[in-house]
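Colleague: Please see the structure below; I have some questions.
The values are calculated or read from the model by the stated rules, or taken from the named source; none is laboratory data. Because the structure is predicted, anything quoted here is derived from the model rather than measured. Don't worry about glycine lacking a Cβ; one is built from the backbone with ideal geometry, like all the others, and counts go over all protein chains shown. Just so you know, the surface numbers come from the protein's heavy atoms only, side chains and all, with ligands and any DNA or RNA stripped out. Shrake-Rupley method; radii C 1.70, N 1.55, O 1.52, S 1.80 Å.
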Amino acid sequence: MGQTSTPEGGTDVSARYYDGRTSGATAVRLSFGRCGLVTLTGAAQSATYKLEELDISTRIGNTPRLIGLPDGGKCEVSDNDAIDRLLRKQAINRGGWLHALESHYLFVMLAIVVTLVSTTMTFKYGLPWLAERSARALPQSVDRSLGKGTLDILDRSLFSPTTLEPAIQARLSRRFAEMITTLPAGRDYRLLFRAGNRIGANALALPSGTIVMTDELVMASENDDELVAILAHEIGHLEHRHSIRMAMQSSAVALVIAAFSGDVVASSSLLVALPTVLIHSSYSQEFESEADDFAWHYLVDNSIPTGSFASILTRIGADGGDSVVSRYLSSHPGTQARIQRFIK
Amino acid sequence: METTMNPSPQTLPFKFHGKSGEYFRIWIVNVVLSILTLGIYSAWAKVRNKRYFYSNTELDGSTFEYLANPIAILKGRLLALGVFAVYSVTVWFIPLSEPVFVLAFIAGLPWLIVRAMTFNARNSAFRNIRFDFKSNYLEAAKVFIGIPLLVMLTLGLAYPYFAYRYRDFLINNSGFGTTGFDFDAQTKHFYLIYLKAFSALLLLGLLVAVALPALIPEVQSAGQLPNQELPVQGPQLVLMMLPFLVIFPVYMLIGTYIHTATLNTAFNHAYTTGQRFSSNLKVGKMFWIYLSNFVAVLLSLGLLIPWAKIRIARYRLENLALHTEDDLDGVIAGEQQRVKATGEELAEVLDIDLGF
C-alpha cells in the first residue's frame, strides 16, 4: 500500500472506502494534514474531516484498520505503521497499549510464566482452599444428598451380603460406636459389612456417612486394632468432607480447562477429561494423606499402636491380588512413605 | 469513479492471513489479563480474539469486522454467572427443584439461541454492512424443542432430520444487509451423511471384533496367574487402554467425518441471488488437523491452543469460496440495531454450540 509524505509533513495512505449504504468498495486516498485535518480523495469524491471526528479501530496484529467517518462511511487501511505513527504524533493512544504489550517479547515471556504459575497455583492451592471453605459453609446434609443412592448402586453392581458371623459384626460395631463418641456431637455415621467380591479387602466411606467394610478386609486383619485404624482413616475422609470437596474441585477444574481450550479439537470433552483425571488423582492423593493424619492422631490419642495401620496396609497390599486398594498402593510411589510414618 | 471492478461471473476464494506466532502473543496477553482481573477482562479478550480472526479473513480484497461491545458481553456474562449460581445453590439445598430448572432451561433455550445468533450476526460486518439474523421464539422452539422430541420418540432415527432443520434455521434466517441467505439442501443429504457414518461404524466395529480375539487368550491367561507380584501387567494394561486406543480414534474419525460432511453440505447449499458458496473440506485432512491439535495441546499444557486454532481456521477458510455472477457491490445495508449480548453469553456458559 502506497504511503508517502506530503510536502507539509503529513501522511498520505491509500484506503478502500465503504459508504455504509451498499457493499461497494472504492479506492481512495486519505491525507492526514498537519493541522488535524483529514482529506479523503477518490475518483468521484472528496471530503475533509477533523482527525478527532474519526473512529480509528485499535490495532490487532497486522490486520487492516477501519476508520469510521462521521457520515457513516468507513475506510479500510492496510498500512498499520503509518496510522500508528500518525496517532503517536497526535498523541492519541486509545487501546494502543495492548498492541504494545503483545509486541513486547519480554512481556509475552512474563505472561507465559504468570499464566503457568497462576494456573498451577490455582489447581494446587486455590481450588482446594475454596472447596474446603465452601464445604465448611454447607451443612453436612448436602453431602448426604450427594451420596444418595450410592450404596444401592454398589449393592447391585459390586457387593453381595456379608457372610461374617454376627458376633464379629457386633464386636466391630461396638468398637465403631466407641469411636463415634470421640467425635463432635451429631455425627450419625454407620458401619456396614459387605462381601467385597471384585474389590477384595477394602473399606469405603460414602458421602452419606456410611462406611462399608468388606468381609475380605476383616478376614485379612490379625486383630481389631488394625480394623480400627482403617475405620479411623475412613472417618477422616468423612470428617474432612472429602467427597463434596472432590466434587467441587473436579467440576471447577473441568470448567477452567473447558474455558481455556475452546473449540480446537473435534472432541473437546476428551481434551478436558484427560487432564481432569490427572489432577483428580493428585487431589485424591492429598485427601489420602489428610485421612492418614486423622487416623494417626486418633490412634495416638487412644493409645492404639500406630503400627496396626502399617501392618494391615502392608498385608492387603502384598497379597490383595486384584483389589483396588492394592492396585492403588502399588501404583503410588508415596505408599511406602505412607506406611513408614505409622511404623515407629 | 474508480471502483474495484470484478468481471462477472467469478469465483472469489476466502483467504486467511492469521499467523500462529502473532496470535499466540495476542492470546497469552488475553489470558494473563483475564487472570489478573479475575475474569473481568475476559469480555474484552473475547472481542479481541474474534476481531483477530474476523480481520484476518479476506474476501475480494476486504476483511471482516467484529463490532461487539465488550461491556455488553461482560453484562451478559455476569447475568449468566448469576443464573448459574442461583441454580447451583438452589439445587444443592432443594434437590427436588432441579426438574423446575431443567424445564425452565428448555423453555428458555429457543429464546437464547435466537438472541445469540442475532447478537453475533448484527455485530459482524463486511464492507461496512452488517450481517443480520431474523427469527422468533416459535420458529426456534419448533427446531430446538419440537424436533428433538421427535428424535427421542423415534429413538434417534430422526436425528439427521434435526441436523438438516438446524442448519436450515441458521442459514435461512441469516442475512447480509437486506439480502437474505437461502438454503437448498434437503433432508436426504443429511440422512446420507449419517448413513455413511453408521456403515463405517459397523465396518470398523466388525474389524475390531475380528482383531480382538487375537488378544483375548493372552489377556485371560495373564489375569489368572496366581500370586501376581504386580497387580497391573502388560496385557492387562493393554486391555485397560483398549477403549482409548481403539474406541477413541474410531469415535473421533466418525465424528470428524460427520462434522466435515455437514460443514460442506451446509455451505454448498447456502446461496443468495446470484451468489453461492462452496466448501471443499477433506475428511482425512480435517482428521489429521484435529488429531495433531489434540496431541499438541495436551502435551504443551495448552500453550499450543493458538497454533491449533489458527491451523483449523486456515484450513476451513482456504477451502471456502464464493461463486458470484456479479461483483459484490450490490448489497444494500439494513437498519442497524443493537441487541443485548445476554443470549450468546448465557449460551456460552451453558455450553451450547451455536456453530455449524
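Colleague: Report the antiparallel proportion of the DSSP beta bridges in region A:150-242 as a percent, rounded to a multiple of 5. Write out the running numbers ahead of the final one.
Modeller: Working: 5 of 10 bridges.
Once the DSSP bridges in region A:150-242 are tallied, antiparallel ones form about 50 percent.
Colleague: For the pair A and B, how large is the buried accessible area, both sides, in square angstrom to the nearest 100, if the probe is 1.4 Å?
Modeller: Details: alone 19060 and 20800 Å², together 34640 Å².
Roughly 5200 Å².
Colleague: Just list whichever of B:Lys19/B:Lys309; B:Lys75/B:Lys142; B:Lys19/B:Lys285; B:Lys134/B:Lys282 have alpha carbons separated by over 21 Å in the model shown. Numbers along the way, then the final one.
Modeller: Values: B:Lys19/B:Lys309 10 Å; B:Lys75/B:Lys142 29 Å; B:Lys19/B:Lys285 19 Å; B:Lys134/B:Lys282 32 Å.
Correct reply: B:Lys75/B:Lys142; B:Lys134/B:Lys282.
Colleague: Quick check for you: with a 1.4 Å probe and neighbouring chains kept, what is the accessible area per residue of region B:18-75, in Å²? The partial results should precede the final answer.
Modeller: Details: 2010 Å² over 58 residues.
That works out to 35 Å² per residue.
Colleague: Please compute the net charge surrounding B:Thr256, taking Lys and Arg as +1 and Asp and Glu as -1 over other residues with Cβ under 11 Å from its Cβ.
Modeller: +2
Colleague: Using a 1.4 Å probe over the heavy atoms of the protein chains, calculate the carbon and sulfur portion of the accessible area of region A:82-131 as a whole percent. Write out the running numbers ahead of the final one.
Modeller: Numbers: 2370 of 3150 Å².
Carbon plus sulfur share of accessible area: 75 percent.
Colleague: Near B:Phe277, within a Cβ-to-Cβ distance under 13 Å, what is the net charge of the other residues, with Lys and Arg +1 and Asp and Glu -1? Intermediate values should be presented prior to the final figure.
Modeller: Working: positive: B:Arg167, B:Arg276, B:Arg316; negative: B:Asp182, B:Asp184.
That works out to +1.
Colleague: Applying the Karplus parametrisation 6.51 cos²θ - 1.76 cosθ + 1.60 with θ = phi - 60° to the phi angles of region B:169-180, what ³J(HN,Hα) value in whole Hz is obtained for each residue in order, glycine and proline being reported as x?
Modeller: Along region B:169-180, the couplings run 4, 4, 7, 4, 8, 8, x, 10, x, 8, 8, x Hz.
Colleague: Rounded if a/c is under 1.5, else prolate if a/b is larger than b/c, else oblate: which is region B:40-187, with a ≥ b ≥ c the root eigenvalues of its Cα gyration tensor? Don't skip to the end; give the middle numbers.
Modeller: Numbers: a/c = 2.67, a/b = 1.22, b/c = 2.19.
Cα axes put region B:40-187 in the oblate bin.
Colleague: Excluding A:Gly20 itself, what net charge comes from residues whose Cβ is under 11 Å from its Cβ, given Lys and Arg +1 and Asp and Glu -1? Before the final figure, lay out each step's value.
Modeller: Values: positive: A:Arg21, A:Lys74, B:Arg127, B:Arg130; negative: A:Asp19, A:Asp71.
Once positives and negatives cancel, what remains is +2.
Colleague: Tell me whether region A:123-200 comes out rounded, prolate or oblate; compute the Cα gyration tensor, take square roots of the eigenvalues as a ≥ b ≥ c, and use a/c under 1.5 as the rounded threshold.
Modeller: Numbers: a/c = 2.49, a/b = 1.51, b/c = 1.64.
Oblate, because a/c is 1.5 or more while a/b does not exceed b/c.
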